[in-house]
Each structure stands twice: as C-alpha cells, then as structure tokens.
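Colleague: Would you mind keeping the following structure in view while I ask a few things?
Read the figures in this text as sums done on the coordinates, not as results from a lab. Being a predicted model, the structure only gives us computed values, none of them experimental. Cβ atoms come from the backbone with ideal geometry, glycine included; neighbour counts cover every protein chain shown.
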Amino acid sequence: MIQIKENIETWGNDFEDISIEQIYEQYQIAKNFFESKEDLQIRIILCSNKEELKFFTGLKEITESTTGRAIISENIIVIYTPKAIEQNTPKKKENFRGILTHEMIHLFYKKNNYPQKIQLLNEGIASYVQWVVVNKKEFNEEVNLYEINLFQEYSKEIYKKGLYLINFIIKNFGKKKLIDFLEKIKNSSDDKIEKTFKEFFIIDLKGGIKNDR
C-alpha cells in the first residue's frame, strides 16, 4: 500500500496508528528547524517486523535499539511501524513521531551540506529535535564541556552528548546562531571548524578537538 502527500511517499502493509498527515507534520517540523525553503522528495518504508527492517536497511544485524535508518544518499527512511516499535524494541509506539523526525533531520542535514564527519552535531541535532521539539522533554543537566569532543567518532554515547551540547547551545545562544555556525563551516578544514566553534560559542571543548581522535 502506498500513501502520498505532497513530496512524501510512504510504503507499507500496516498503516494502523499512522496517517500520511501525521507523517507530513513530522516532515514540516524537520524542515522548519533548519528553516529550509526547498522541499525534499522523501520515500518512507514502514516495516512490520525485524526481517523487513533488516532487508530494507541493508543492516547485517538488527538489535533491540534499532528502530530505523535514514539512507541519505537516496532520501529514503526505513522505519518500524508504531506497533513494530513496541514489539521489537523497549520503546513505546508513541515514540514513532520522534524517531521519524530524527531520521528526517539527517536528510536535511545532508541536503544542506553540513559536515557529515561531525557526528556529534549530526546526531545531536537529530536527538534534540526528537526529544525537545517533538516529545517536549526538558534537559536541565549541567554539561561537562571538558568531556565533549567535537570530532568524536560514532558511538552510543554520542546521542546523549550531542543532545546535551545542542541543548546547551540553543538555550544560551539561540537556534539561529547554531544554524549560522553550520552554514559557516561548510567545506571547512578541521582547524577552521575548531576556530569557528570557539568564535561563535566561546567554548573550548576537551582542551582542543584533536584529543581522543
């Protein structure tokens, strides 16, 4: 079964608890966060079980923390249905909206040519929109900036650290300054990114971003 609204095409056998209008609403949240003027043509594949998710994502292993994946080169999002999220992961079906928006953020991050190598920002922004914007959570924990490495390689902890960093930046400097920073560092060298980060946010992460790389 296929449902289409504007530039969003959704494929799946189970549309229970889902409507194309709800999916389009999450798309608008992702688009508005980056203040994008152009639309993205996105295909969403809804998976009802682990075998479907593994097949369409191309992942070798599906763990209980796996809920979906953005295939950024093709503007495709593969994701569990709300029911499948509850059946296959510790999360609840209500988490579907936030998870979907998280993956859409990755597509817009790529579309805007922001540095893919900075996973802390990429995953941090996606996690911020998922939890703070969509799920209306508040994070008031103190951020130990010394423990944060801007160029940290991908790991499970990058979601939490990235979320806290983005939350700290937006609370203290505003979202516009974050977007201006991302625009400024397009096609920049590592050293230039480090210098620009300090200029924008007056933050020295881990005594220099080259540590622990």
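Colleague: Hey, what did segment 1-105 get for relative contact order, percent, Cα under 8 Å, at least 6 apart?
Modeller: Averaging sequence separation for qualifying contacts and normalising by length gives 27 percent for segment 1-105.
Colleague: Also, I was wondering about something else. So what's segment 1-154 giving for Cα Rg divided by 2.2 N^0.38 Å, two decimals?
Modeller: Its radius of gyration relative to the 2.2 N^0.38 Å reference: 1.04.
Colleague: Assign unit charges at the C-beta atoms only (+1 for Lys and Arg, -1 for Asp and Glu), then state the dipole size of segment 1-107 relative to its Cα centre in Debye, rounded to the nearest 20.
Modeller: Using Cβ point charges on Lys, Arg, Asp and Glu, segment 1-107 gives about 260 debye.
Colleague: Please check: in the Gaussian network model of the chain (C-alpha springs, under 10 Å), which one of E183, E16, E153 has the largest mean-square fluctuation.
Modeller: It is E16.
Colleague: Let me ask you something else. Please state the charge dipole magnitude for segment 119-207, taken about the Cα centre, from unit charges on C-beta atoms (+1 on K and R, -1 on D and E), reported in debye and rounded to the nearest 20.
Modeller: Result for segment 119-207 is approximately 340 debye, rounded to the nearest 20.
Colleague: Quick check on the chain: helices-only [θ] at 222 nm, where DSSP H runs of length 4 and up contribute -39,500 (n - 2.57) each and the sum goes over total residues. Nearest 500, please.
Modeller: Roughly -13500 deg cm²/dmol at 222 nm, from the helical runs in the chain.
Colleague: Let me ask something else about it. Within segment 19-127, count lysine pairs with alpha carbon atoms under 14 angstrom apart where the residues are 8 or more positions apart or belong to different chains.
Modeller: Here the count comes out as 8.
Colleague: Considering the options Y159, I76, L121, tell which one lies farthest towards the positive end of the dipole of the chain, charges being +1 on Lys and Arg and -1 on Asp and Glu at the Cβ, about the Cα centre.
Modeller: Value computed over the given set: L121.
Colleague: Another question, if that's okay. Would you list which aspartates and glutamates come within 18 Å of K192, measuring only between C-alpha atoms, while excluding same-chain residues fewer than 8 positions from it?
Modeller: D180, E183, D204
Colleague: Follow-up. Taking every DSSP beta bridge that has both residues in segment 2-111, what percent is antiparallel when rounded to the nearest 5?
Modeller: 45 percent
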